[in-house]
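One structure is given below, encoded as structure tokens.
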Amino acid sequence: MPLAYTFEHQISCPDDLCAVVINHLPDGFPAHSHQYVEIFIALTGSSDHLIAHQRYRINTGDVYVLQGDIVHGFEHATPDFSICNVLIREDVACLFTEQLRTLPGYQALFLLEPAHRRWQEFPSRLRLGGPQVQEVLTLLHRLKDELTHRQQGTTAMVQAVLLQLIIVLCRRYASLEDDETANLLRLSEAVIYLEAHIRQPIRVSELARIAHISERHFLRLFRKIYQLPPMARILQLRIQHACALLRTGTVNVTDAAYASGFQDSNYFSRQFRRLVGCSPREYRCRGHQLSIDEISSPHMGE
């Protein structure tokens, strides 16, 4: 494996929401990492795609999404191998996630697949056909032109076209019918429900019903993706919600607990300290910034 390196200069202007890079890579590309969310689209040819410690053979039309800070590169490419990379700033990706997380295709392609791939081998399920590649290429060239020429309203236009690109990919993903993709899309439906109802009591049996699979299958699939059981994930989301409230500085600890689905403020404080590393009161006073990944633990029990 080549030495990993970063290439933060790909987004050259701090105000740019993303960067679009279209390259012919007959010799592949060295392993590297960065903090961007990245969409890969193979335009022609094929190559080995190295992601973390796994190797995937990608072909024309294959789409992969990486959620930042993952070592990846390309080896053993064919002479005609070309690829488009769309690098998206993490803060911009977070805004899109808030807008699109209720779409099963978005949950599956941008959240569940990358999460799955962190733990074990999982090839991308999305492969675009010829006309779909052309549709995506049209959007990519519009993005690239906007970022190059920087006319009035460039930021708004880039956001609109980037959003359109993501939705096109999500819709295509949601139309796939193979068993593995169907499992992810079913799980996506349950995750969407879970995230929308974290303040309410949630049963695993209810999530399995929404996913249209047995409770046993749901538990196995959920653990496979998240490396923890559903109730632990619910706890994560509730603590994350409480963190957001506490960071405002206008919500006290008790109100944050009840507003996040906890019925017992003492239990809330114990779980908060266990996952965050300080008490809710300390967190509120310090005004910490904390992402969900930082309070995630594969060792949490139910």
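The values are calculated or read from the model by the stated rules, or taken from the named source; none is laboratory data. Keep in mind that what you see is a predicted model, and the values were worked out from it rather than measured. Reconstructed Cβ throughout: ideal geometry from the backbone, glycine too, with neighbour counts over all protein chains shown.
Candidates in the stretch 1-35 are the residues that are more than 24 Å from residue 46 (Cα to Cα) and modelled with pLDDT under 60; of these, the one that is nearest to the chain's Cα centre (by Cα) is 8. Residues that are over 21 Å from residue 137 (Cα atoms), hydrophobic (A, V, I, L, M, F, W, C) and more than 18 Å from the chain's Cα centre (by Cα) are absent from the stretch 54-63.
A quick yes/no check of all residues on (1) crowded, with 19+ Cβ neighbours inside 10 Å; (2) touching a residue at least 24 places away in the same chain (Cβ under 8 Å); (3) in contact with a Ser or Thr (Cβ under 8 Å, 6 or more places away or on another chain):
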residue: 27; (1), (2), (3): no, yes, no
residue: 39; (1), (2), (3): yes, yes, no
residue: 47; (1), (2), (3): yes, yes, yes
residue: 51; (1), (2), (3): yes, yes, no
residue: 55; (1), (2), (3): no, no, no
residue: 58; (1), (2), (3): yes, yes, yes
residue: 81; (1), (2), (3): yes, yes, yes
residue: 100; (1), (2), (3): no, yes, no
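Here the condition is being within 28 Å of residue 183 (Cβ to Cβ) and in contact with a Leu (Cβ under 7 Å, 6 or more places away or on another chain); of 103, 112, it holds for 112 alone. Beta carbons closer than 6 Å, at least 6 apart along the sequence or on distinct chains, pair a first residue in the stretch 242-268 that is in a loop (DSSP other than H, G, I, E, B) with a second that is of a type outside the set (Asp, Glu) and surrounded by 13 or more Cβ atoms within 10 Å (Cβ to Cβ) for 251/245; 260/238; 260/241; 260/242; 261/198; 261/199; 261/238; 262/268. Every condition in (1) in a loop (DSSP other than H, G, I, E, B); (2) in contact (Cβ under 8 Å) with a residue 12 or more places away in the chain; (3) not charged (D, E, K, R) is met by residue 14 except one, and the failing one is (2). The lone criterion from (1) without any contact (Cβ under 8 Å) to a residue 60 or more places away in the chain; (2) surrounded by fewer than 18 Cβ atoms within 10 Å (Cβ to Cβ); (3) outside any helix (DSSP H, G or I) left unmet by residue 205 is number (3). Check the stretch 223-233 and report whether any residue there is closer than 14 Å to residue 188 by Cα and surrounded by fewer than 19 Cβ atoms within 10 Å (Cβ to Cβ). Yes; the residues of the stretch 223-233 include at least one that is closer than 14 Å to residue 188 by Cα and surrounded by fewer than 19 Cβ atoms within 10 Å (Cβ to Cβ). Taking the criterion of being among the charged types (D, E, K, R) and over 17 Å from the mean Cα position of the chain (by Cα), the residues of the stretch 143-171 that qualify are 144, 145, 146, 150. Under the condition of being of a type outside the set (Val, Ile, Thr), surrounded by fewer than 17 Cβ atoms within 10 Å (Cβ to Cβ) and either under 15 Å from residue 30 (Cβ atoms) or in contact with a Ser or Thr (Cβ under 8 Å, 6 or more places away or on another chain) (or both), the residues counted in the stretch 60-79 number 3.
I need the full set of residues from the stretch 219-229 which are under 16 Å from residue 115 (Cβ atoms), of a type outside the set (Lys, Arg) and outside any loop (DSSP other than H, G, I, E, B), in order please. Those that are under 16 Å from residue 115 (Cβ atoms), of a type outside the set (Lys, Arg) and outside any loop (DSSP other than H, G, I, E, B): 221, 222, 225, 226.
Condition check ((1) within 23 Å of residue 47 (Cα to Cα); (2) among the small types (Gly, Ala, Ser); (3) at pLDDT 95 or above; (4) not in a helix (DSSP H, G or I)) across all residues:
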| site | (1), (2), (3), (4) |
| --- | --- |
| 113 | yes, no, no, no |
| 121 | yes, no, no, yes |
| 133 | yes, no, no, no |
| 137 | yes, no, no, no |
| 146 | no, no, no, no |
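Filtered by the rule that a residue be of a type in the set (S, T, N, Q) and modelled with pLDDT of 95 or more, the stretch 45-58 gives 46, 47.
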